[in-house]
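The structure appears right after this line, and notes come after that.
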Amino acid sequence: WELVDNAHPIVDLRLFKRRNFWTGTLAFALGYGVFFGNLVLLPLWLQQYMDYTATDAGMLTAPVGILALLLSPLVGRWVGKVDQRWLATVAFVIFAVSLYMRTSYNTQANFGFLVVPIIVQGAAMAFFFVPLVSLVLSGLTPDRIPAASGLSNFARIVSGSFGTSIATTLWDNRAILHHAQLTEYVNNSSVATRGYVQTLQAQGLSLSQAGAVINRNIDVQSHLLAANDLFWLSAILFLLMVGVIWLARP
């Protein structure tokens with residue numbers, strides 16, 4: 001009905017006939033989905049397995065706005081002078097670099113080590129939103145811009161919801177796998193295991209309590225490895241999505 005019988009549709013699906021609209025919307029949605037999934041994953045990992053409070057996790061992730069704030073005005077000036085596809089490509093490459101840097105995270109990392117990739121990610125955000133919005137709306141008459149903006153934002157927000165669900169589910173699944181693999185090394189024939197259990201018992205823990213401590217340590221390490229897997233995958237996806245941007249016309 002929206003496509004055929006209505007001259008003034010509430011949801012103008014005819015916009016998807018335009019190459020720049022569908023390619024820009026697809027790149028915008030996919031990129032935002034991967035970005036938002038990682039945005040949710042990081043504080044979860046920090047609070048559940050790095051003993052960060054909600055406030056500390058917020059302080060760690062807050063610097064993502066520094067470079068975004070500084071670079072956004074410059075990107076706004078460049079949009080009319082530089083091909084938006086190049087600007088969006090810069091965003092996706094910086095996202096990939098930032099996520100690749102996170103793959104070196106470990107449970108001994110301090111605040112300064114953890115925050116550097118987050119600061120780098122701020123530069124990607126500056127190049128992400130404005131160029132892709134310009135690409136989505138390029139060539140449209142003024143009367144179609146509100147419908148195009150609403151539809152592309154709807155796709156972006158839905159993709160962010162999917163990205164969050166997929167990222168947390170994959171994180172849990174990979175953590176279960178790593179937990180099973182790490183547990184194989186904890187057995188009675190392992191000298192290291194026996195020595196660690198004896199150390200814990202010497203500190204006053206019972207055998208079952210020592211087992212709980214070991215299991216918690218394995219949980220911490222398995223979720224770290226799972227998070228690193230997600231960071232690797234996300235970095236690769238951002239590089240692959242550069243191809244989607246270049247399906248658009250100048």
Item to check | Solvent-accessible area per residue for the chain (1.4 angstrom probe, square angstrom) | outcome: 52 Å²
Checklist entry - Using 7 Å Cα-to-Cβ label points, what is the V79/K17 separation (nm, one decimal)? => result 2.6 nm
Checklist entry - Along the three principal axes, how long is region 1-50 when you take its alpha carbons, biggest first, rounded to the nearest angstrom? => result 56, 20, 10
Item to check | For the chain, the spread of Cα positions along each principal axis, largest first, Å | outcome: 77, 42, 30
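For the chain, return all DSSP H helices satisfying: extent of Cα atoms along own axis at least 18 Å; mean Kyte-Doolittle hydropathy at least -1.0. Could you put the intermediate results ahead of the total?
Values: long enough: 19-49 (45 Å, 0.72); 64-78 (21 Å, 1.67); 84-102 (27 Å, 1.13); 111-137 (40 Å, 2.31); 145-183 (56 Å, 0.36); 207-245 (57 Å, 1.16).
Length and hydropathy pass: 19-49, 64-78, 84-102, 111-137, 145-183, 207-245.
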Checklist entry - In terms of the ratio Rg/(2.2 N^0.38 Å) built on C-alpha atoms, what value belongs to region 8-97? => result 1.44
Checklist entry - Taking a temperature of 20 °C and a viscosity of 1.002 mPa s, what whole-number D in µm²/s does Stokes-Einstein yield for region 80-170 with Rh from Kirkwood over alpha carbon pairs? => result 139 µm²/s
Checklist entry - Roughly how many Å is it from the Cα centre of region 1-21 to that of region 81-108, as a whole number? => result 34 Å
Next on the checklist: Can you give the Rg/Rh ratio of region 161-250, where Rg is from the C-alpha atoms and Rh is the Kirkwood radius?
Outcome noted: 1.26
Next on the checklist: Return the Rg/Rh ratio of region 92-232 with Cα-based radii and a Kirkwood Rh.
Outcome noted: 1.20
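May I ask you to give the percent of accessible area on the chain that is carbon plus sulfur, with a probe radius of 1.4 Å?
Using a 1.4 Å probe with all protein chains present, the chain comes out at 67 percent carbon and sulfur.
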Checklist entry - Going through region 1-97, which trypsin sites (Lys or Arg not before Pro) have at most 15 other Cβ atoms within 10 Å and a DSSP loop state? => result K81
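The values are calculated or read from the model by the stated rules, or taken from the named source; none is laboratory data. In this text, all values refer to a predicted model and were calculated from it rather than measured experimentally. Methodologically, a virtual Cβ is constructed for each residue, glycine included, from the backbone with ideal geometry; neighbour enumeration extends over all protein chains shown. Surface areas here come from the heavy atoms of the whole protein model, side chains and all, with no ligands, DNA or RNA. Shrake-Rupley method; radii C 1.70, N 1.55, O 1.52, S 1.80 Å.
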